[in-house]
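The values are calculated or read from the model by the stated rules, or taken from the named source; none is laboratory data. If you're wondering where the values come from, they're calculated on a predicted model, not measured in any experiment. Ideal geometry is used to build each Cβ from the backbone, glycine not excepted, and the neighbour counts take in all protein chains shown. Calculation scope for accessible area: heavy atoms of the full protein, side chains included, ligands and nucleic acids excluded. Shrake-Rupley method; radii C 1.70, N 1.55, O 1.52, S 1.80 Å.
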Amino acid sequence: EILLNRAEAAYELYLAGQAEIDYQNEAFLAMNDIRDRAGASLLATKADLNDINLIRKERRKELGFENKVWWDIKRWRTADIELNNRQWRVFCPFYVAANGKYIFDWRIDERGTRWTFNPNWYYEPIPSGQITKNPNLVPNN
């Protein structure tokens, strides 16, 4: 995760025009360290790292089962785009006792729920306990 954070931060600084360090190269090196550790194909040149979405996709692959995707899409402010009118698919394992094997089924959630995300949800209120400690935090979000 540290290398992913480093790659993302370096690329964001590169996009912002920071020029003290070659931030695109820093992001490129961090991405290749991640891919090398995983045994994936390496990026050939730093020009291959031409989009922040490449780093975000790598982050989703690496941290997919660590409960970080929700917080990432909120932080990137892409939740309203990715989640609006979305219907989730579920992965259902079934054990067949007669064969002693599992069957795995990938289907649309039976509830038929369509998800939405209101852009106001990017902002969360300051906890009341913190406001009690410091009344200067008011007005709240």
Quiz item: For the chain, what is the charge dipole size about the Cα centre, in debye to the nearest 20, if Lys and Arg each add +1 at the Cβ and Asp and Glu each add -1 at the Cβ?
Solution: 600 debye
Exercise. Lys and Arg at +1, Asp and Glu at -1: add these up for the other residues within a Cβ distance under 12 Å of F91 and post the number.
Key: 0
Quiz item: Rounded to two decimals, what is Rg over Rh for the chain when you use alpha-carbon atoms and the Kirkwood radius?
Solution: 1.10
Practice problem: Return the lysines within reach of K61: Cα separation strictly under 25 angstrom, same-chain partners fewer than 8 residues apart disregarded; answer none if there are no such residues. | Solution: K46, K74
Self-check item: Residue with peak Gaussian network fluctuation, the chain [Cα springs, cutoff 10 Å], from R77, R59, R111
Solution: R111
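In the chain, carbon and sulfur make up what percent of the accessible area (probe 1.4 Å)?
Numbers: 5540 of 10200 Å².
The nonpolar share, carbon plus sulfur, comes to 54 percent.
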Quiz item: Can you work out ³J(HN,Hα) from phi for every residue in the stretch 74-85, in order, using Karplus 6.51 cos²θ - 1.76 cosθ + 1.60 and θ = phi - 60°, giving whole Hz and x for Gly and Pro?
Solution: 6, 5, 7, 6, 10, 4, 5, 7, 6, 9, 5, 6
Quiz item: With each run of n ≥ 4 DSSP H residues scored as -39500 (n - 2.57), what mean residue ellipticity at 222 nm is computed for the chain after dividing by its residue count and rounding to the nearest 500 deg cm²/dmol?
Solution: -12000 deg cm²/dmol
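Per residue, how much accessible area does the chain have with a 1.4 Å probe, in Å²?
Accessible area per residue: 72 Å².
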Exercise. With a/c under 1.5 counting as rounded, go ahead and sort the stretch 1-74 into rounded, prolate or oblate using the C-alpha gyration tensor (a ≥ b ≥ c being the square roots of the eigenvalues; past the cut-off, prolate if a/b is larger than b/c, else oblate).
Key: oblate
